[in-house]
1. Answer with yes or no whether Ser292 is open to solvent by less than 60 Å² (accessible area, probe 1.4 Å) and within 29 Å of Gln94 (Cα to Cα).
2. Identify, by number, the condition in (1) open to solvent by 20 Å² or more (accessible area, probe 1.4 Å); (2) aromatic (Phe, Trp, Tyr); (3) assigned to a helix (DSSP H, G or I) that Tyr495 doesn't meet.
3. Being more than 21 Å from Phe478 (Cα to Cα), assigned to a helix (DSSP H, G or I) and open to solvent by 60 Å² or more (accessible area, probe 1.4 Å) is the filter here, so list the residues in the range 415-452 that pass it.
4. For the list (1) in contact with a helix residue (DSSP H, G or I) (Cβ under 7 Å, 6 or more places away or on another chain); (2) hydroxyl-bearing (Ser, Thr, Tyr); (3) under 30 Å from Asn42 (Cα atoms), I need the number of the one condition that Ser292 fails.
5. When residues of the range 319-332 are filtered for being surrounded by 18 or more Cβ atoms within 10 Å (Cβ to Cβ) and either out of contact with any Leu (no Cβ under 7 Å at 6 or more places or on another chain) or β-branched (Val, Ile, Thr) (or both), how many remain?
6. Which condition breaks for Gln209 when tested against (1) loosely packed, with under 12 Cβ neighbours inside 10 Å; (2) of a type outside the set (Val, Ile, Thr); (3) in contact (Cβ under 8 Å) with a residue 12 or more places away in the chain; (4) assigned to a loop (DSSP other than H, G, I, E, B)?
7. Does Ser378 count as open to solvent by 60 Å² or more (accessible area, probe 1.4 Å) and over 24 Å from Phe503 (Cα atoms)?
8. For Leu260, are the conditions met, namely being open to solvent by less than 40 Å² (accessible area, probe 1.4 Å), in contact (Cβ under 8 Å) with a residue 12 or more places away in the chain and either within 34 Å of the chain's Cα centre (by Cα) or closer than 30 Å to Gln30 by Cβ (or both)?
Amino acid sequence: MRVEAAESSVVAVVNADPITRDALGRAALQRYGTDVLENLVNRHLILQECKRRGINVTSEEVRAEVIRVAKKFGLSVDAYLQLLQDERNISPEQYSNEIIWPMLALRSLVADRVEVSQEEFNRAFLSQFGEAVKCRMIMIGDQQKANQVHAQAKADPDSFVRLAKEYSEDETSASVGGLIPPIRRYMGDSRLEEAAFALADGDVSPVIQIGDQWIFMQAVRRMPATHPSPQALPAINEQIKDRIRDEKMKSAASELFAQLQKQANVVAILGDDAAEKQYPGVAAIINGQQISIATVAAECVKRHGEDVLEGEINRKLLTQALKQAGKTVTQVDIDAEIARAAISYGYVRSNGQADTDAWLEAVLSQGDVTRELYIEDSVWPSVALKILVESGVTVTQKDLEQGFASSFGPRAEVLAVVLSDQRTAQKVWELARDNPTDAFFGQLAEQYSVEPTSSSNFGKVPPIRQFGGQSAIEKEAFAMKPGELSGIIATGDKYIILRCQGFTEPVVDDIEAVRDELQRDLFEKKLNIAMGIKFDQLKQSAEIDNFYAVAKSQPRVATRPAGR
């Protein structure tokens, strides 16, 4: 028991410095508490109503529903739960508790309201098996233009296919001459259905406004109703009834849930300083029932613990490195980093100074992030790394000269053929050597190049600059004279052949005119590289024991819904 308690109280150790579960809970609560609390409140509302009406959704029912949904997608339960984990970051327990259980509970609460009438069944049957009209459609966003095209179609119905290709703004149907899926009764917009069924083959309908679009159709042919075999009919009838029942249940459940929310007495305490003092340790009160902050924190850890812990480990590494180096992050450093970010994203006042207020407003408007969290998660780590490495970052004269040549120097204008294998490259090179003209080289690029830009532009590619990070290509490009052919350049898994067309004139001749700009730009680039290297070194040299693990490798269905 003591071992279990110790393991549960510490979730990670970073260079002998522990991170406790309580600390992880506080960090997760700070970042995700509001969203998680809202979900918990909603589940409690449903649970309270179930208890009031004596309804119990069992773990067996939850498991059966998960199995049913997985089968619907043609997957095993394990494969389906793993897919949810990988694609949507939803754990099996979260899926069971927060999606399946509330859905089943709401369906149970409204089951007595859901009946399938004969009229509803008849309509659904006709929408699936009834008579249909195959049509072409033209959709145009401007009413005047739609009327003009409609007049042309009415005057010459045989031109409808051409008009759809030229004018319809629905790209999917326009590409096939306006053809759309057959229209049946009770499938969607009744106006379209009535217009379609009123047409004889070849006729053009009036213009109909649907939303902000104007639509008209041409009937291609009438399609008779289909008649399922007597053997298949019972199963089909049951499928139709199930579908109608599911749709009505979803609608009724949504209405009931909205009603529960409207009638509930919910007091939100989390995040309200005055309320938190009045109700210590309480996150919310729902119809007199309390949800503790500890419950919300635990739920935050369940959902987001892995990501939050990674951030806490990284923060611990940086804090330790700063302490070892005898350095600290000051408020002046924080303010300077915020100003730098504002300027880099174009938030600048008329006097050239950073408009940090506008920048912070833009950052905080993008999600549920507070100023404190923005500084803690984005600004502070960046400042800490800069402080750790900036003294070792220098910009040499060679850096300036290469940066000047790269940013302002001449570019090599070339034609290029990019090949995927050496044998083809050798063949193309020999052809280019035997017929040394730009036009023939362009034809070779169109025929052989596996790179889209050079293939579609007859070999023309963006001019090549010096010190741009492709040394082999740059060396060959700047060694050629206009009209010369390069050798075969092997780079990665590709083989490149160049033909020189000349060189551009330098944008700036005097390095002194841009020295300060180059100095700032190069220092920033070298600083960012050094920060990345430093952080990697900290992680690689650290002794990190991470005891926290989300059960991803063995997906499972929760045995019971949370809060019960």
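The values are calculated or read from the model by the stated rules, or taken from the named source; none is laboratory data. Here the structure is a predicted model, which is why all the values come from computation and not from measurement. We place every Cβ from the backbone using ideal geometry, glycine too, and count neighbours over all the protein chains shown. Only protein heavy atoms, including side chains, enter the accessible area calculation; ligands, DNA and RNA are left aside. Shrake-Rupley method; radii C 1.70, N 1.55, O 1.52, S 1.80 Å.
1. Yes, satisfied.
2. If we test Tyr495 against (1) open to solvent by 20 Å² or more (accessible area, probe 1.4 Å); (2) aromatic (Phe, Trp, Tyr); (3) assigned to a helix (DSSP H, G or I), just (3) comes out false.
3. Within the range 415-452, Gln422, Arg423, Gln426, Lys427, Glu430, Leu431, Asp434, Ala439, Gln443, Glu446, Gln447, Pro452 qualify.
4. Against the list (1) in contact with a helix residue (DSSP H, G or I) (Cβ under 7 Å, 6 or more places away or on another chain); (2) hydroxyl-bearing (Ser, Thr, Tyr); (3) under 30 Å from Asn42 (Cα atoms), Ser292 comes up short only on (1).
5. 1
6. The single condition Gln209 does not satisfy is (4).
7. Answer is yes for this residue.
8. When the stated conditions are applied, Leu260 passes them.
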